[in-house]
Amino acid sequence: MSPTRTFAMVLALVAVGCGVAAFASPDQERVAADTNELDTPIWSPRRVPQPLVDAVGAQRLQAELTAATAGLQTCFVVDEGGAPIAEQSADVPLVPASTQKLVTSAVALAVLGADTRLETRALAPAAPADGSVERLFLVGGGDPLLMTPEAQAQREEIPELRGSPTTSLATLADSIVQAGVKRIPGGIVADDSRYEDLRYLPTWKDSYRTEGQVGPLGALTVNGGFDPLRPPEPVSDPATFAARELERLLEDRGVSVGGSPERGTAPQGAVEVAKVQSPPMSDLVAEDLSTSDNLASELLLREVGLKVSQHGTTAAGVQAATATLAELGLPTTNVTLVDGSGLDRGNRSTCDLLADTLDLGARPEFSTLWSGLAVAGEKGTLIDQIEGALTGKVRAKTGSLDNTTGLVGIVDVGRPIRFAFLANGDFTEGAGIGLRGRIAEIISTFPNAPPADQLVPAPAGT
């Protein structure tokens with residue numbers, strides 16, 4: 001919304017208020033004069049000041065946001081319940097970084113459903129007999145949160161991950177033992193055939209792997225594909241690593257396991273010995289949004305592809321996601337999806353898309369898009385980025401890459417104000433984090449307008 005448009009809104013509101021007062025009936029004027037109680041006409045804008053305050057506040061907000069982002073490629077949208085307050089270049093495509101996870105999360109909820117759980121299964125050619133199964137097939141179901149007890153404990157030491165949901169590999173080991181398995185002479189076979197075996201997108205920077213920003217992708221992965229978790233060291237084959245970890249946990253429980261873990265595919269007609277389920281999709285999405293889990297975003301995108309086209313690939317996921325956004329009525333003009341996490345710099349999003357995706361959170365089936373957001377000073381990626389007076393008042397999805405920053409969420413100013421912000425330019429990741437914090441501060445001051453008695457002249461004679 002341009003400053004001219006906002007100022008016109010102010011003049012219109014003032015004119016309407018003053019016009020109503022000017023056409024007060026003689027009887028109304030006599031009542032005011034006789035009682036000496038109404039120094040201001042009943043319909044004066046001084047008695048309905050909030051629209052005026054908000055209109056002036058919108059003009060200031062527009063100017064402050066424009067000044068804060070000068071010299072950058074940027075877009076922003078600020079609205080209240082769908083009513084625009086401030087905006088700039090809302091349909092211009094920019095690199096979204098991890099704000100794209102909001103879009104991926106919405107697609108996952110739409111296609112897979114909030115109650116869906118992903119299963120990791122232990123199968124055997126035949127049911128246990130005399131405490132033995134010849135071989136055990138560990139079949140991955142795309143669960144990005146499958147963890148060993150050691151990794152679960154380490155996550156609790158990391159502030160932005162503390163309290164986030166996980167799936168216990170130890171629970172699966174316990175269930176296998178409870179099924180009567182004491183011996184697996186042929187060893188454990190890792191089956192991750194649910195998805196393609198492309199571990200990293202070829203267009204990703206190699207530093208994403210070496211710096212531990214994302215582990216190797218696959219339908220069967222434990223501890224995010226890292227060994228150790230701190231510092232993160234990616235494994236070469238996440239499926240066989242998962243099989244080794246299950247073997248270790250079973251041996252700790254007295255199960256004899258022969259051979260070494262290997263890759264393979266469970267045979268037709270294999271019998272289920274045990275399984276472990278992920279948290280519901282709503283919790284997976286919440287974890288993804290709050291902690292900005294790159295692996296989770298990518299695996300959810302492949303699961304979407306599998307659901308829609310029976311192909312568990314990134315390409316199928318991107319195609320399905322694009323179609324789903326259109327079906328949801330979201331603006332996809334100028335939007336390009338390459339992956340689910342936003343790591344790829346070939347992605348392009350708009351503030352229009354991000355803002356409208358966030359607005360889906362008002363619908364019960366998409367409520368996690370609000371409840372799962374990081375919270376300033378309290379939870380997820382915002383636990384130590386936006387603090388002080390904004391603690392607990394900003395809920396948002398963050399996005400950070402070199403030369404790219406973004407923030408999409410809700411600011412509590414006594415009522416919820418929703419916003420989307422992206423900026424691309426010549427700045428470091430740290431500087432981008434500082435910039436988006438400043439944007440949140442500016443929005444939090446809305447309406448930041450003079451008191452009503454300064455906006456509207458006092459009645460004559462007072």
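Below is a table of values for the structure above.
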quantity: All positions within the range 407-442 that are of a type in the set (Lys, Arg) and within 16 Å of Leu72 (Cα to Cα); calculated: Arg436, Arg438
quantity: Any pair with Cβ under 9 angstrom, 6 or more apart, that starts in the range 166-182 at a residue that is among the basic types (Lys, Arg) and ends at one that is modelled with pLDDT of 95 or more and not in a loop (DSSP other than H, G, I, E, B); calculated: Lys182/Ser132; Lys182/Ser256
quantity: Condition broken by Thr148, with the remaining ones in (1) of a type in the set (Ser, Thr, Tyr); (2) more than 20 Å from Ala296 (Cβ to Cβ); (3) in contact with a Leu (Cβ under 9 Å, 6 or more places away or on another chain) satisfied; calculated: (2)
quantity: Residues that are in contact with a strand residue (DSSP E or B) (Cβ under 8 Å, 6 or more places away or on another chain) and either among the polar types (S, T, N, Q) or under 11 Å from Thr120 (Cβ atoms) (or both), drawn from the range 161-181; calculated: Thr166, Thr167, Ser168, Leu169, Thr171, Leu172, Ser175, Gln178
quantity: Subset tally (residues that are aliphatic (A, V, I, L, M) and either more than 30 Å from Leu52 (Cβ to Cβ) or modelled with pLDDT under 95 (or both)) for the range 421-449; calculated: 6
quantity: Every pair of residues 6+ apart whose Cβ atoms lie under 6 Å, when the first sits in the range 266-284 and is in a loop (DSSP other than H, G, I, E, B) while the second is among the polar types (S, T, N, Q) and buried (at least 21 other Cβ atoms within 10 Å of the Cβ); calculated: Ser278/Thr167
quantity: Failed item, numbered, when Ser341 is tested on (1) in contact with an Asp or Glu (Cβ under 6 Å, 6 or more places away or on another chain); (2) without any contact (Cβ under 8 Å) to a residue 60 or more places away in the chain; calculated: (2)
quantity: Filter result (over 17 Å from the mean Cα position of the chain (by Cα) and of a type in the set (D, E, K, R)) within the range 91-135; calculated: Asp91, Asp115, Arg117, Glu119, Arg121, Asp130, Glu134, Arg135
quantity: Residues of the range 368-411 satisfying the condition of being assigned to a loop (DSSP other than H, G, I, E, B) and either surrounded by 20 or more Cβ atoms within 10 Å (Cβ to Cβ) or touching a residue at least 60 places away in the same chain (Cβ under 8 Å) (or both); calculated: Gly372, Leu373, Ala376, Ile383, Asp384, Gln385, Ile386, Asn403
quantity: Boolean, Thr357 is in a helix (DSSP H, G or I), free of Cβ contacts under 8 Å to residues at least 60 places away in the same chain and in the same structural domain as Gly81 (by TED's automatic domain parsing); calculated: no
quantity: Enumeration of residues in the range 322-338 that are under 16 Å from the mean Cα position of the chain (by Cα) and surrounded by fewer than 24 Cβ atoms within 10 Å (Cβ to Cβ); calculated: Leu325
quantity: Of the criteria (1) without any contact (Cβ under 8 Å) to a residue 40 or more places away in the chain; (2) among the aliphatic types (A, V, I, L, M); (3) in contact with a Ser or Thr (Cβ under 7 Å, 6 or more places away or on another chain), which one Ala114 fails; calculated: (1)
quantity: Residues (without any contact (Cβ under 8 Å) to a residue 24 or more places away in the chain, outside any loop (DSSP other than H, G, I, E, B) and either polar (S, T, N, Q) or within 17 Å of Ile158 (Cβ to Cβ) (or both)) located in the range 227-252; calculated: none
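Quick grid of which residues meet (1) surrounded by fewer than 16 Cβ atoms within 10 Å (Cβ to Cβ); (2) polar (S, T, N, Q); (3) closer than 21 Å to Arg263 by Cα:
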residue: Gly187; (1), (2), (3): no, no, yes
residue: Tyr195; (1), (2), (3): no, no, yes
residue: Leu201; (1), (2), (3): no, no, no
residue: Asp206; (1), (2), (3): yes, no, no
residue: Gly212; (1), (2), (3): no, no, no
residue: Pro216; (1), (2), (3): no, no, yes
residue: Ala219; (1), (2), (3): no, no, yes
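The values are calculated or read from the model by the stated rules, or taken from the named source; none is laboratory data. Small disclaimer: the values here were computed from a predicted structure and weren't measured. Note that each Cβ is placed from the backbone with ideal geometry, even for glycine, and that neighbours are counted across all protein chains shown.
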